[in-house]
Amino acid sequence: MKSDKFIVLATVLLAAIYWFATEQIKESLIGDPIGPKAIPRLLIIGLLIAAFLLWLETLAGTKAKAREQASNQAVPGDSSAPEGPKGIRGYFFIAAMVLSTLGYFFVFNWLGYAVATALYLFALMTIFNPGKSTANVLTATGFSLGSYLAFSRFFGVQIPAGVLPF
Amino acid sequence: METFNHIINGFGVALMPINLWYTFVGVLIGTIVGILPGIGPSASIALLIPVTYGMDPASGLIMMAGVYYGTKYGGSTTAILIRTPGEAASVMTSIDGYEMARNGRAGAALAISAIGSFIAGTLGVVALTLFAVPLASTALKFGPAEYFTLMLFALTAVASLSGKSPAKGLLSTILGLMIATIGIDLQSGQQRFTAGIAEFQDGIGFIVVVVGMFALAEVFRGLEKIHTGTSDPAMRITGKLWITKEEWRRSKGPIWRGSILGFLIGILPGAGGTIASLLSYSTEKRLSKNPEEFGKGAIEGVAGPEAANNSDTAGAMVPLLTLGVPGGGATAVMMGAFIMHGIQPGPLLFQNRPDLVWGLIDSMYIGNVMLLILNLPLIGVFVRLLYIPSGILYPLIIAISVLGTFAINGSMVELYLVLFFGVLGYIFDKVEIPIPPLVLSLVLAGIMEQSFRQALTLSDGNPTVFVSSGISATLVFFSAVSLALPFLIPRLKLVKPEQD
């Protein structure tokens with residue numbers, strides 16, 4: 001798979017960053033023969049082994065595909081084919097989800113859990129359950145207020161009240 | 001005799017009204033979670049942990065165990081009615097179960113699934129009762145080196161068996177161990193990878209990782225599906241919710257065989273309910289006089305796998321309770337729940353807290369009876385859950401995840417981390433990196449590093465300590481074999497035809 005090559009590269013890059021960060025850890029060997037850097041160093045070796053094995057798997061996959069190609073002269077459903085509009089739409093979708101959730105977190109303390117959650121839920125439900133505004137409003141506000149009261153009153157959990165007076 | 005007394009006392013704990021209530025709540029949530037797509041047992045147990053803080057640990061753990069085995073019952077309902085397994089282990093049930101439903105035998109498929117699950121679940125708990133004490137007594141002889149190699153074996157087995165690529169399983173395991181190194185190193189007091197963020201000093205909580213990678217990532221995938229418009233309509237329950245004499249005759253054997261197979265596979269780390277049900281299905285197909293019926297609505301193809309994936313849950317509790325080593329994602333979260341309640345699972349648990357451990361095991365007998373009742377006469381009520389629009393359900397799961405995470409420490413940093421791990425889980429799914437090895441290594445990392453360093457301290461830094469005893473040498477050997485085999489088997493397969 002094309003993505004596997006990126007995973008190999010990303011793993012090697014991560015190993016380099018992790019190695020750099022490991023070297024910043026202060027050593028303290030009192031009563032400890034190996035110190036706090038030992039396990040992270042072993043993990044760097046583990047990461048590189050995983051990257052190497054994945055690279056071998058990618059090579060084996062490429063060879064198998066080449067053999068298949070030679071025998072069939074055509075490869076239906078080639079996984080390394082460029083992604084269609086559906087794949088790109090997926091990336092936009094996840095980016096939009098992340099941004100909207102970040103927005104929800106930004107107003108979480110200011111508006112309070114109940115109001116922020118109700119607005120966030122209503123927005124998502126309007127997009128993913130369109131044409132049912134009454135059900136969406138009732139579910140969003142009912143769940144937000146109900147869970148706020150249950151957790152703050154019944155379980156005694158500190159949840160931001162925000163603009164709510166209670 | 002002493003064990004027998006503990007078992008009886010355990011029933012005393014399990015039958016206390018408060019614990020009966022929490023068993024019921026647990027199995028009810030488990031059934032609902034199993035039926036609903038979008039949230040699996042691991043995330044549900046993780047989300048329940050904050051709710052159980054104020055409870056007696058026995059009650060909290062009884063409820064979370066109820067969720068764990070309850071999901072197995074509920075998972076078959078969606079597998080049969082919409083060909084979408086509510087949880088991964090029901091995937092084999094969806095083949096013949098859905099075909100039975102299409103042939104107008106949905107009621108019989110649901111009934112045999114519930115009966116098979118009940119018999120297998122109960123047999124599994126009987127086996128757990130019998131196995132637990134001997135295994136715990138053996139584990140008491142383990143020192144730090146044996147513990148480290150045992151956990152090493154668990155991690156390598158899970159890494160090798162999860163997903164299609166063993167290299168990706170290994171990568172996931174290492175990433176989990178790396179996440180666990182963030183925070184103050186308890187032995188030296190030094191900070192590791194905290195980047196100056198105060199919240200990171202205590203490490204990254206496993207709930208944050210589990211909720212993000214299991215619940216949030218699943219919601220992202222589900223919402224993406226709605227976005228691209230791909231889902232199967234739910235079948236109506238047709239036919240009587242009972243089985244004929246002939247169907248029972250055909251199902252008895254598969255249920256017994258599935259129960260034994262599921263329990264044995266459950267004990268092994270990494271294998272889990274999906275492999276148990278897969279093996280049960282292929283066994284029944286091989287043994288059947290009419291193998292051509294499989295895939296077209298054979299009741300054996302529902303009875304066997306359902307039994308296997310239910311007794312697997314009892315099998316999975318064996319290493320968790322007796323050795324303190326979970327064998328998969330959901331039991332890893334269960335172990336996290338034990339630790340958050342200040343209880344370390346393992347052999348000493350049977351000595352120090354027999355009331356808790358036997359109360360928990362005995363509650364599983366009661367829970368299985370409750371599940372049979374919930375999943376036979378009341379199944380029609382639960383099936384209505386399938387008609388909740390996903391566009392309402394998924395946003396609610398996000399809100400529950402946020403609330404559950406925030407309720408633990410009231411930390412906004414943890415909310416951002418949940419989102420980060422949610423995106424990471426979504427990406428892992430896209431590039432086919434398995435998530436359970438990461439969660440398992442995250443939960444085991446602390447005790448694993450502690451055992452590693454203790455063993456080296458006791459041996460004055462001599463690394464041969466890890467192969468000096470028979471037990472640890474054997475476990476190191478098995479770890480190496482479990483890592484190497486997945487890479488060697490395809491090569492052997494490639495070489496063989498050339499030799500021929």
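What relative contact order, as a whole-number percentage, does the stretch B:1-92 give when Cα pairs under 8 Å and 6 or more residues apart are counted?
33
Ignoring any ligand, DNA or RNA, what whole percent of the accessible area of chain A comes from carbon and sulfur when the probe is 1.4 angstrom?
On the way: 6980 of 9690 Å².
The nonpolar share, carbon plus sulfur, comes to 72 percent.
Using the crude model of +1 on Lys and Arg Cβ and -1 on Asp and Glu Cβ, and no other charge, please compute the dipole size for the protein assembly as shown relative to its Cα centre, in debye to 20. Could you put the intermediate results ahead of the total?
Numbers: 40 positive and 37 negative charges, 285 e Å.
For the protein assembly as shown, the charge dipole is close to 1360 debye.
Quick one: accessible area per residue over chain B, 1.4 Å probe, rounded to a whole number of Å²? It would help to have the intermediate numbers written out before the result.
Numbers: 18740 Å² over 500 residues.
Per-residue accessible area for chain B comes out at 37 Å².
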(request) Would you mind putting A:3-16, B:169-182, A:40-53 in packing order, based on average other-beta-carbon counts within 10 Å, highest first? (result) B:169-182, A:40-53, A:3-16
(message) Can you list the residues in the stretch A:127-166 whose accessible area drops by at least 40 Å² when all protein chains are present, compared with the chain alone? Use a 1.4 Å probe, heavy atoms only.
(response) A:128, A:129, A:143, A:151
(message) Please list, in order along the stretch B:149-160, the HN-Hα scalar couplings obtained from phi with the Karplus expression 6.51 cos²θ - 1.76 cosθ + 1.60 (θ = phi - 60°), rounded to whole Hz, x for Gly and Pro.
(response) 5, 5, 5, 4, 5, 4, 5, 5, 5, 5, 4, 6
(message) How tilted is helix B:106-139 with respect to the longest principal axis of chain B? Cα atoms for both, answer in degrees (0 to 90, nearest 10).
(response) 30
(request) Could you run the numbers on buried accessible area between B and A, total for both chains, 1.4 angstrom probe, in Å² to the nearest 100? (result) 5200
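Any idea what the relative contact order of chain B is, in percent, if you count C-alpha pairs under 8 Å spaced at least 6 apart?
Details: 957 pairs, mean separation 141.0, N = 500.
Result for chain B is 28 percent.
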(message) Just to confirm the number: angle between the C-alpha axis of helix B:57-82 and the first principal axis of chain B, 0 to 90 degrees, nearest 10?
(response) 40
(request) Provide the per residue accessible area, probe 1.4 Å, for the stretch A:114-166, rounded to a whole number of square angstrom. (result) 53
(message) Could you compute the net charge surrounding residue A:10? Neighbours are other residues with a C-beta less than 14 Å from the C-beta of residue A:10; K and R count +1, D and E count -1.
(response) +3
(request) Indicate the residues belonging to the stretch B:393-413 that lose 30 Å² or more of solvent-accessible heavy-atom surface (probe 1.4 Å) upon moving from the chain alone to the assembly of all protein chains, ignoring ligands and nucleic acids. (result) B:395, B:396, B:398, B:399, B:402, B:403, B:406, B:407, B:412
(message) With the cut-off at 1.5 for a/c, could you classify chain B from its C-alpha gyration tensor as rounded, prolate or oblate?
(response) rounded
(message) Which lysines, if any, have their Cα less than 26 Å from the Cα of residue A:37, not counting same-chain residues under 8 positions apart?
(response) A:26, B:168
(request) Can you send over the carbon and sulfur percentage of the accessible area for chain B, probe radius 1.4 Å, protein chains only? (result) 65
(message) Compute accessible area for the stretch B:456-492 by itself and then with all protein chains, 1.4 Å probe, and report residues whose area falls by 20 Å² or more.
(response) B:456, B:457, B:487, B:491
(request) Please work out whether the protein assembly as shown counts as rounded, prolate or oblate from its C-alpha gyration tensor, where a ≥ b ≥ c are the square roots of the eigenvalues and a/c under 1.5 means rounded, while otherwise a/b larger than b/c means prolate and anything else oblate? (result) rounded
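The values are calculated or read from the model by the stated rules, or taken from the named source; none is laboratory data. Computed from a prediction, not measured in an experiment: that's the story for all the values here. Positions of Cβ are backbone-derived with ideal geometry, glycine not excepted, and every protein chain shown enters the neighbour counts. SASA here: full protein model, heavy atoms, side chains in, ligands and nucleic acids out. Shrake-Rupley method; radii C 1.70, N 1.55, O 1.52, S 1.80 Å.
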